[in-house]
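Nothing in this text is a laboratory measurement; each read-out follows from the coordinates by a stated rule. Here the structure is a predicted model, which is why all the values come from computation and not from measurement. Counting neighbours? That spans all protein chains shown, and the Cβs are built from the backbone with ideal geometry, glycine included.
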Amino acid sequence: MNLFTGTALGIALSGALVVPVLAGGYAQPVVEAPVAAPVAAPMRADGDWNGGYIGGQLGYGRGSNGTTDDNGAIYGIRGGFDWDLGQWVVGAGLDWDKTEIDLGTPGDSLDSIARLKLRAGYDLGRTLIYVTGGAARAEADIAGVGHSDNGWFAGLGVDYALNDRWTLGGEVLHNQFDDFDNTGADLDATTAAVTVGFRF
């Protein structure tokens, strides 16, 4: 084999090896589209306070029979329903407190208060601040004798949503009962309580 023949043979073999490689042509690399990270939905500026609730309260009160006053513990139950109107919330409910408030005069004590409540509040998202008021009925001992009578109450409160179901709050109420059951005694009590609620 001469030099020319050997060179020609080498070129032919090289071409034979290259042709299969180039037969498919240049393949464009596949680039996968980037996957966007999930974006959390923005929280509403206002919360969802629509629906019913039940709960309880525990606190402290100071009462008076018109001449002397004293204090004691309160504890009770509550329930109601709220209508969420957007930025504003209105509601109605009932509560009952067992009270251990002496009225400063021996034989005079405030034993319990039941309330029919209306409330209107401002929605701050997880927090609801509100005013409340309505009718109240008290059981009391005057000069050692049991009496009951109707009156009124008014106050302020706040609820904070711990989650979708549970709330924690506080409420300060002034309760007034004039000429209690025709005894001539004007009973009043200011109560402050921590509240817990379950919403449904």
### Message
Going 7 Å from the Cα of N50 along its beta-carbon direction, which residues of segment 157-179 have the amide nitrogen within less than 18 Å of the resulting point?
### Response
164-165
## Note on the structure
trypsin sites (Lys or Arg not before Pro) in segment 96-152 lying in a DSSP loop, each with at most 16 other Cβ atoms within 10 Å of its Cβ, come to R126
